[in-house]
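What follows is a short report on a single structure.
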Amino acid sequence: MLKQIVDLHVHSKYSRACSPQLDLPNIAAACNKKGIDIIATGDFTHPAWFKRLEENLEETSEGVYELRDPTLALPFAKGREIVAPLLSKGGGRGRSHVRFVLGTEISCIYSHKDKTRRLHLLIFAPNLEAVRKFNAELEKRGVNLKADGRPIMGLSGKEIVQICLDIDKNMWVVPAHAWTPWFAVFGSKSGYDSLEECFEELTPHITAIETGLSSDPTMNRRLSRLDNITLISNSDAHSLEKLGREANILQFNDEESLTYAELKRIITTGDRKKFLNTIEFYPEEGKYYADGHADCKISLTPEEAITNKLKCPKCQRPLTVGVLHRVVALADRDEKEIPKNKFIPHQYAVPLLEIIAGAFRVGVASKKVRAEYESLIKKLGAEFDILLNIPIDKIEGAVSNKNIAFGIQNMRAGKVAVKPGYDGIFGVVDVFSDKKYHRPVQTSLL
């Protein structure tokens with residue numbers, strides 16, 4: 001069996017507010033360092049990026065691509081980026097390459113049912129020809145593909161699904177970060193209360209949603225209407241260091257079975273024998289978990305927000321209603337009522353850079369943190385292996401600060417303290433707590 005760590009939502013240097021280092025060789029190099037086996041290309045609607053995909057990738061199995069020249073490595077900027085040369089053949093978990101699948105994110109802003117909707121969707125394609133046709137269809141409808149790697153368009157979610165079906169039945173649409181307030185299918189600002197409201201008669205073609213950083217599978221499973229929907233978790237990385245902050249672990253029979261069609265089948269059917277688990281942020285660390293108002297530094301629980309009539313208690317402006325609030329508002333069962341052993345399991349992880357920074361009590365961008373990170377990767381292998389698999393005593397023997405191993409041990413045991421994020425401000429997860437964390441139970445907003 002072939003176990004693969006998969007991240008299906010990333011961006012390129014052609015997306016706004018994204019690192020200029022997000023080019024194909026750099027992404028491949030960083031994936032090797034992280035321990036990511038399969039990565040989405042991101043941004044395939046952008047003409048310049050699509051040209052780079054055509055020039056730099058070759059199809060090595062059906063719908064799966066690799067760098068034509070795996071020895072390529074572009075210079076890395078100094079500072080916050082990961083400095084990561086491509087691993088040589090046989091290095092780092094025994095892999096010599098990273099695989100790519102064709103995937104992108106688009107932004108739909110449109111009017112539907114007397115309300116302005118803002119919806120982000122992930123689109124996957126089985127081959128470059130399908131991408132070429134999809135891009136041409138968007139241009140026919142007046143979409144400016146050159147403006148942003150994540151293009152904005154006035155098309156509805158339903159229209160996008162239909163366009164994909166008309167081009168190639170193997171294209172695939174997944175609502176992105178489904179709960180975030182501003183641009184999501186269930187978002188508080190412009191979303192829907194169900195998938196059926198959004199996609200209408202085409203809803204059966206929506207077989208998976210992306211949970212996003214501010215929710216986890218347990219929160220989503222409080223909605224029984226999502227019982228037949230597969231939950232996937234991805235990084236939505238805007239820089240190299242954010243790759244793999246959430247991911248999926250899939251299992252293939254062998255190298256020959258690792259195809260786009262099989263990857264799609266595993267996810268769309270929720271095959272529990274092949275979809276082993278997801279790797280999750282603690283959702284409280286997501287920047288839209290709680291209700292709040294960033295300008296006034298106000299963070300509230302759903303109950304507190306309702307008591308304040310969804311207004312900031314300091315300035316009386318509207319609060320940004322967070323993911324937890326929306327989940328509780330739409331939920332039809334408590335956590336204890338979620339059917340046990342029915343769904344794909346998940347585990348939590350905290351990025352290694354954050355753990356090292358906490359151990360040294362300095363910022364993540366510190367040279368000391370970066371040097372320790374590089375040392376551990378060199379000594380022990382890929383980041384995911386360090387976080388999830390390597391025995392703690394072996395980690396203790398490799399670190400310069402024993403608190404790093406202690407933090408990883410606590411992370412694995414769920415002994416963390418959390419300060420929820422809200423209104424665009426990331427939360428904080430402290431892995432140096434001695435208390436096992438339990439999320440406060442939210443049962444009803446009535």
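The numbers here are math on the coordinates, done by the rules we state, and not lab data. Nothing here was measured: the structure is a model prediction, and the numbers come from that model. Virtual Cβ from ideal backbone geometry, glycine too; neighbours counted across all protein chains shown.
Arg333 to Asn228: FRET efficiency via 1/(1 + (r/R0)^6), r the Cβ-Cβ distance, R0 22 Å, to the nearest 0.05?
On the way: r = 15 Å, r/R0 = 0.69.
Taking R0 as 22 Å, the efficiency between Arg333 and Asn228 is 0.90.
Which Cα, out of His293, Ser375, Ile344, lies furthest along the positive dipole direction of region 293-446 (beta carbon charges, K/R +1, D/E -1)?
Final value for the positive-end residue is His293.
How would you order 403-414, 178-189 from highest to lowest mean count of nearby Cβ atoms within 10 Å?
With the highest mean Cβ count within 10 Å placed first, the list reads 178-189, 403-414.
Rounded to the nearest 500, what is the 222 nm mean residue ellipticity of the chain from helices alone, with -39500 (n - 2.57) per DSSP H run of 4+ residues and division by all residues? Don't jump to the answer; show the numbers that get you there.
On the way: 14 runs with 124 residues, N = 446.
Helix-only estimate at 222 nm: -8000 deg cm²/dmol.
How do Tyr437, Tyr288 rank when sorted from fewest to most other Cβ atoms within 10 Å of their own Cβ?
Details: Tyr437 17, Tyr288 34.
Ordered by Cβ neighbours within 10 Å, fewest first: Tyr437, Tyr288.
Which Cα, out of Ala184, Val362, Leu324, lies furthest along the positive dipole direction of the chain (beta carbon charges, K/R +1, D/E -1)?
Looking along the dipole axis, the top candidate is Val362.
Less than 13 Å Cβ to Cβ from Trp182, Lys/Arg counted +1 and Asp/Glu -1: what total charge do the surrounding residues give?
Net charge around Trp182: +4.
Count charges around Ser224 for me, please; just the other residues with Cβ under 10 Å from its Cβ, Lys/Arg as +1, Asp/Glu as -1.
Surrounding charge for Ser224 is +1.
Report the charge-dipole magnitude of region 351-413 in Debye, nearest 20, computed about the Cα centre from +1 at each Lys and Arg Cβ and -1 at each Asp and Glu Cβ.
Dipole magnitude for region 351-413 comes out near 200 debye.
Determine the alpha carbon to alpha carbon distance for each of Lys264/Lys368; Lys311/Lys435; Lys189/Lys367; Lys3/Lys158; Lys158/Lys287; Lys13/Lys189 and list only those over 31 Å. Walk me through the intermediate numbers first.
Details: Lys264/Lys368 41 Å; Lys311/Lys435 33 Å; Lys189/Lys367 40 Å; Lys3/Lys158 34 Å; Lys158/Lys287 28 Å; Lys13/Lys189 28 Å.
Where the Cα-Cα span goes over 31 Å, the pairs concerned are Lys264/Lys368; Lys311/Lys435; Lys189/Lys367; Lys3/Lys158.
Which of the pairs Lys33/Lys274; Lys273/Lys402; Lys113/Lys309 have their Cα atoms more than 30 Å apart in this structure? Don't jump to the answer; show the numbers that get you there.
Values: Lys33/Lys274 24 Å; Lys273/Lys402 37 Å; Lys113/Lys309 25 Å.
Among Lys33/Lys274; Lys273/Lys402; Lys113/Lys309, the Cα-Cα distance tops 30 Å for Lys273/Lys402.
Just from the alpha-carbon atoms, what are the Rg and Dmax of the chain in angstroms?
21.2, 61
Can you give the local net charge around Ile39? Use residues other than it whose beta-carbon is closer than 10 angstrom to its beta-carbon, Lys and Arg +1, Asp and Glu -1.
0
So how strong a dipole does region 251-322 carry about its Cα centre when Lys and Arg Cβ are +1 and Asp and Glu Cβ are -1, to the nearest 20 debye? Could you put the intermediate results ahead of the total?
Working: 11 positive and 12 negative charges, 99 e Å.
That gives a dipole near 480 debye.
Mind putting a number on the dipole of region 2-284 about its Cα centre? Charges go on the C-beta only, +1 for Lys and Arg and -1 for Asp and Glu, and I need it in Debye to the nearest 20.
Taking the Cα centre of region 2-284 as origin, the dipole is about 620 debye.
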